[in-house]
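Here is the structure we will look at, set down as C-alpha cells.
Any read-out appearing in this document is the output of simple, stated calculations on the displayed coordinates, not a laboratory observation. For clarity, every value in this text was computed on a predicted model and none was experimentally measured. Here the Cβ positions follow ideal geometry from the backbone for every residue, glycine too, while neighbour counts run over all protein chains shown.
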Amino acid sequence: MKKTLIIISAMALLFSFGACQKKVEKPEAKTQAPSGPIIDATIPEHGKSGTGMPGHDVKKTELSVVVPQEVKESWTSAVFIIKDKQEAKQNEITVKIGDEFDITGSNLVVKTGPFLPDFKMSAETITSTSNNPDNPAIGVEIYENGVKVFPTSGKWGWLYVNFPTIHSFEHSRYALVLKEGKKK
C-alpha cells in the first residue's frame with residue numbers, strides 16, 4: 001500500500017510540474033490507457049483522515065474487496081505463468097478461482113482469491129467496474145514453508161495482466177504472472 005501511495009504521489013508531482021507551464025490550446029487528442037491499475041484517488045477534506053505522508057502517523061484501514069455477482073457467475077479460473085529464473089523456463093497453469101497450487105520444485109504455495117476482470121481501487125473498496133477483461137487482476141496469497149511472503153501486508157497481493165511488474169511477487173528464483181482469466 002505504501003508503494004502504491006509513493007508511486008501515486010510521484011506521478012502527481014510530475015504532472016504538477018507540467019501544469020505550471022504556459023498553457024497553449026491544442027486540439028483534443030484521444031485519451032490513452034492508464035499506466036497502472038485504475039485507482040480512484042479521492043482527496044479527503046481538510047482535517048479528515050487520509051493516506052498521509054511517509055513518516056506521519058496515519059490510521060491504516062483494510063480495503064474491502066467487492067466482487068459483483070455478474071463477475072462471480074462468469075469467471076471460473078485464472079491462467080498463471082510461472083517463471084523459473086534459475087532454469088530460464090516457464091510453465092502455464094490454469095487454476096480454479098479460490099483454489100491453491102504448489103510451484104513445482106519449491107516450497108511455495110499460491111492461494112488464489114478474488115478475480116476482477118476490470119480492476120478499480122478507490123479509497124475504501126477494490127472492485128470490478130465491468131465484466132469485460134479491460135484491466136484483469138487477481139488477489140493471491142503466497143506462502144513459503146508455511147509462512148506468508150506475499151503480500152507483506154494486507155489480505156491480498158494483486159497480480160495484473162496489463163501491469164505484470166506493478167507490485168509483483170518478488171522471489172530469488174520464481175516469478176508469478178497472471179496471463180488471463182477464463183470464463184465459463
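So which pairs qualify, if the first residue must be in segment 164-180 and within 21 Å of ASN107 (Cα to Cα), the second must be loosely packed, with under 15 Cβ neighbours inside 10 Å and charged (D, E, K, R), the Cβ gap must be under 8 Å, and the two must be at least 6 apart or on different chains?
These pairs meet every condition: SER172/LYS85; ARG173/LYS85; TYR174/LYS85; ALA175/LYS85.
Looking only at segment 63-95, count every residue that is acidic (Asp, Glu), buried (at least 16 other Cβ atoms within 10 Å of the Cβ) and in a helix (DSSP H, G or I) and tell me the total.
First, pick out the residues of segment 63-95 that are acidic (Asp, Glu): 70, 73, 84, 87, 92.
Okay, now just the ones that are also buried (at least 16 other Cβ atoms within 10 Å of the Cβ), so 84.
So of that shortlist, the ones also in a helix (DSSP H, G or I) come out as none.
Number satisfying all stated conditions: 0.
Of the conditions (1) part of a strand (DSSP E or B); (2) over 22 Å from SER172 (Cα atoms), GLY98 fails just one. Which one is it?
(1)
Give the residue, chosen from LYS155, LYS182, that is part of a strand (DSSP E or B) and touching a strand residue (DSSP E or B) at 6+ places or on another chain (Cβ under 9 Å). So that I can check it myself, show each step before the final result.
Values: LYS155 fails: part of a strand (DSSP E or B).
Selected residue: LYS182, the only one of LYS155, LYS182 that is part of a strand (DSSP E or B) and touching a strand residue (DSSP E or B) at 6+ places or on another chain (Cβ under 9 Å).
Before we move on, is ILE142 more than 12 Å from the chain's Cα centre (by Cα) and either closer than 19 Å to GLU70 by Cβ or part of a strand (DSSP E or B) (or both)?
Details: more than 12 Å from the chain's Cα centre (by Cα): yes; either closer than 19 Å to GLU70 by Cβ or part of a strand (DSSP E or B) (or both): yes.
Taking the combined requirement at face value, the residue satisfies it.
Please go through (1) surrounded by fewer than 15 Cβ atoms within 10 Å (Cβ to Cβ); (2) over 18 Å from SER64 (Cα atoms) for GLY154 and return the number of the only condition it doesn't satisfy.
The failed condition is (2).
Of everything in segment 106-129, what is surrounded by 13 or more Cβ atoms within 10 Å (Cβ to Cβ) and either among the small types (Gly, Ala, Ser) or not in a strand (DSSP E or B) (or both)? Give them in sequence order.
Scanning segment 106-129 gives SER106, GLY113, PRO117, SER122, ALA123, SER128, THR129.
All but one of (1) crowded, with 19+ Cβ neighbours inside 10 Å; (2) part of a loop (DSSP other than H, G, I, E, B) hold for ASN132; state the number of the condition that does not hold.
(1)
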